[in-house]
Amino acid sequence: MLKRYSCFFLMIIFILTFCTACNDAMEIDDSVYAIVIGIDKGTTNRVRMTIQYPTYKEGGSSGGQSMASGDKSKENALENSNVHTIESSSILEGINLFNTAITRAVSLTHTKMLVISEEFTREGIEKYVAPLARFRETRRTMQVVISQGDAEEFIRQNKTNIGPSISKAAELMVTQSDVTGYFPKVSFFNLYEAFVSPYSQGIAAYAGINKFTEIQDKKAQDKSPLAVDKGILPGELARSGVTKREFVGTAVFSGPKMVGTLDSLDTRYMLMVQSKFRKGIMTFKDKNQPEAVIPCDMRMGRKTKVSAKFEDGKPIIDVKINLEADVGAIQSRIEYEDFNKIGELNELLKECIETGVKKMIDKTQKEFKADIFGFGFEVAKKFSTIKKFEEYGWLGHYPDAQVNVIVEVNIRRTGLMIKSVPIHSYETDKGTGGGQ
């Protein structure tokens with residue numbers, strides 16, 4: 001018996017010693033790592049797939065910046081990255097087909113962003129997202145972005161205006177949501193989970209290309225218009241700069257189909273309801289002087305409280321939002337810092353935000369018919385079993401639900417000034433009579 005056990009252990013040692021070859025090992029520089037993936041509707045096949053990957057070159061422009069017929073929008077290299085496009089019957093096959101033109105195997109293990117065109121998304125993307133969820137190389141933490149136009153063109157405009165790393169640029173661009181609230185951060189896992197969830201519907205960041213036409217020189221006006229309570233979508237912002245791509249707004253889903261969009265202002269209200277709004281500067285009209293504004297640095301004071309109940313068979317949702325604010329400026333020079341007037345400013349901010357949140361929720365009920373807030377999780381608590389909740393079909397009842405919103409705003413700081421005083425000039429100080 002001892003001899004038998006000895007032979008067995010010797011055999012195990014032999015196998016561990018001589019059968020440990022890494023026959024499937026791959027060196028880092030044997031692959032190209034797609035940082036951004038784009039999906040469009042194909043013309044010669046079902047799917048048009050675009051990838052953007054780094055060139056392994058330090059600084060400067062990458063090699064091979066050839067342009068087709070002088071068309072600069074179709075260049076194959078973008079500073080420190082390359083862009084390739086291919087059409088195929090499926091996304092996974094397209095990854096293989098890239099290897100017919102690229103000298104290194106394409107890998108999705110470091111993909112930061114998935115960009116899908118709005119045209120494709122409105123038709124339903126369940127057939128194309130499901131394989132990515134099953135594929136072992138897919139990072140479920142990659143961010144999902146819905147592009148206003150073609151995903152291919154959007155990726156070609158995805159340039160690194162600061163620093164040489166396209167990977168770092170993709171990561172930092174997404175984190176801008178934390179300091180502005182103009183678009184949501186949605187991972188691939190979040191979106192796929194929403195497709196199969198009976199509790200809520202999905203959302204994704206909305207993006208597009210700004211052609212800089214809004215900021216072109218125009219005839220000077222006597223008075224510039226004041227736009228405060230108007231949200232924007234990609235391409236509507238009057239700006240110019242190095243990069244044309246911009247992230248602003250939210251794509252709203254009902255199941256696997258995109259059904260609408262929320263602009264930058266509605267996106268902030270949505271994040272407040274979801275308790276995901278971190279911070280952002282919001283500008284309010286001064287009701288005592290309509291031509292003046294009061295910009296405030298807003299942030300969540302406490303987590304949003306959501307509760308649900310049924311009355312006569314009708315679902316009722318109560319939402320309580322708590323915000324804090326720091327005053328950035330008071331253009332009217334009215335002394336809102338005074339203890340007796342700070343409440344008036346609190347009420348102004350409360351009314352504006354409460355009205356905006358109610359309009360945004362009303363839009364999701366009547367226009368989109370999609371619960372993007374996860375109210376279903378609270379409604380489910382009113383059922384004895386999950387099966388009964390699923391049989392009830394919350395998503396079908398959401399448009400008929402009554403949603404009550406209460407907003408509380410507390411101004412915590414008034415900046416480095418403790419008192420607003422009038423600005424003196426010759427016109428304001430000119431009296432009706434002289435001193436004696």
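The values are calculated or read from the model by the stated rules, or taken from the named source; none is laboratory data. Because the structure is predicted, anything quoted here is derived from the model rather than measured. No Cβ is skipped: glycine too gets one built from the backbone with ideal geometry, and neighbour counts run over all protein chains shown.
Details
- Of the residues in region 404-413, at least one is in a strand (DSSP E or B), among the acidic types (Asp, Glu), closer than 27 Å to residue 303 by Cβ and modelled with pLDDT of 95 or more.
Listed here are the residues, each with its yes/no results for (1) of a type outside the set (Asp, Glu); (2) part of a strand (DSSP E or B); (3) under 24 Å from the mean Cα position of the chain (by Cα).
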position: 320; (1), (2), (3): yes, yes, yes
position: 324; (1), (2), (3): no, yes, yes
position: 340; (1), (2), (3): yes, no, no
position: 363; (1), (2), (3): yes, no, yes
position: 366; (1), (2), (3): yes, no, yes
position: 395; (1), (2), (3): yes, no, yes
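- When 127, 185, 168, 112 are screened for being buried (at least 19 other Cβ atoms within 10 Å of the Cβ) and of a type in the set (Lys, Arg), only 112 passes.
- Members of region 179-193 found to be over 12 Å from residue 113 (Cα atoms) and either outside any helix (DSSP H, G or I) or touching a helix residue (DSSP H, G or I) at 6+ places or on another chain (Cβ under 7 Å) (or both), listed by number: 181, 182, 183, 184, 192
- Residue match in region 217-225 (condition: free of Cβ contacts under 8 Å to residues at least 12 places away in the same chain and small (Gly, Ala, Ser)): yes
- Any chance residue 330 is surrounded by 18 or more Cβ atoms within 10 Å (Cβ to Cβ) and outside any helix (DSSP H, G or I): yes
- Taking region 239-295 as the region of interest, the strands (runs of 3 or more DSSP E) fully inside it that hold 2 or more residues being touching a residue at least 40 places away in the same chain (Cβ under 8 Å) and not assigned by TED's automatic domain parsing to the domain that holds residue 326 are 245-254, 257-262.
- Failed condition for residue 344, given (1) surrounded by 15 or more Cβ atoms within 10 Å (Cβ to Cβ); (2) among the charged types (D, E, K, R); (3) not in a strand (DSSP E or B): (1)
- Restricting attention to region 122-140, the residues being in a loop (DSSP other than H, G, I, E, B) and over 21 Å from the mean Cα position of the chain (by Cα) number 3.
- Extreme residue, surrounded by the most Cβ atoms within 10 Å (Cβ to Cβ), among residues of region 375-390 that are in contact (Cβ under 8 Å) with a residue 40 or more places away in the chain and not aromatic (Phe, Trp, Tyr): 379
- One residue stands out in region 141-155 among those that are within 18 Å of the chain's Cα centre (by Cα) and assigned to a helix (DSSP H, G or I): the one that is farthest from residue 262 (Cα to Cα), namely 155.
- Candidates 330, 342, 372, 321, filtered to the one that is touching an Asp or Glu at 6+ places or on another chain (Cβ under 9 Å) and more than 18 Å from residue 406 (Cβ to Cβ): 330
- Any hit, region 156-178, residues being part of a loop (DSSP other than H, G, I, E, B), farther than 18 Å from residue 115 by Cα and free of Cβ contacts under 8 Å to residues at least 60 places away in the same chain: yes
- Check on residue 246, surrounded by 16 or more Cβ atoms within 10 Å (Cβ to Cβ), modelled with pLDDT under 95 and of a type in the set (Asp, Glu): yes
- Pairs linking a residue in region 183-196 that is in the same structural domain as residue 134 (by TED's automatic domain parsing) to a residue that is among the basic types (Lys, Arg) and surrounded by 18 or more Cβ atoms within 10 Å (Cβ to Cβ), with Cβ atoms under 7 Å and 6 or more positions apart or on different chains, do not occur.
Per-residue answers, yes or no, for (1) farther than 23 Å from residue 173 by Cα; (2) modelled with pLDDT of 90 or more; (3) surrounded by fewer than 14 Cβ atoms within 10 Å (Cβ to Cβ):
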position: 52; (1), (2), (3): no, yes, no
position: 59; (1), (2), (3): no, no, yes
position: 66; (1), (2), (3): yes, no, yes
position: 72; (1), (2), (3): yes, no, yes
position: 75; (1), (2), (3): no, no, no
position: 97; (1), (2), (3): yes, yes, no
position: 103; (1), (2), (3): yes, no, yes
position: 121; (1), (2), (3): no, yes, no
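- Candidates 372, 353, 361: the one that is modelled with pLDDT of 95 or more, crowded, with 17+ Cβ neighbours inside 10 Å, within 30 Å of residue 421 (Cβ to Cβ) and of a type in the set (A, V, I, L, M) is 353.
- Taken over region 26-50, the criterion of being in a loop (DSSP other than H, G, I, E, B), modelled with pLDDT under 75 and closer than 23 Å to residue 132 by Cα is satisfied by 26 alone.
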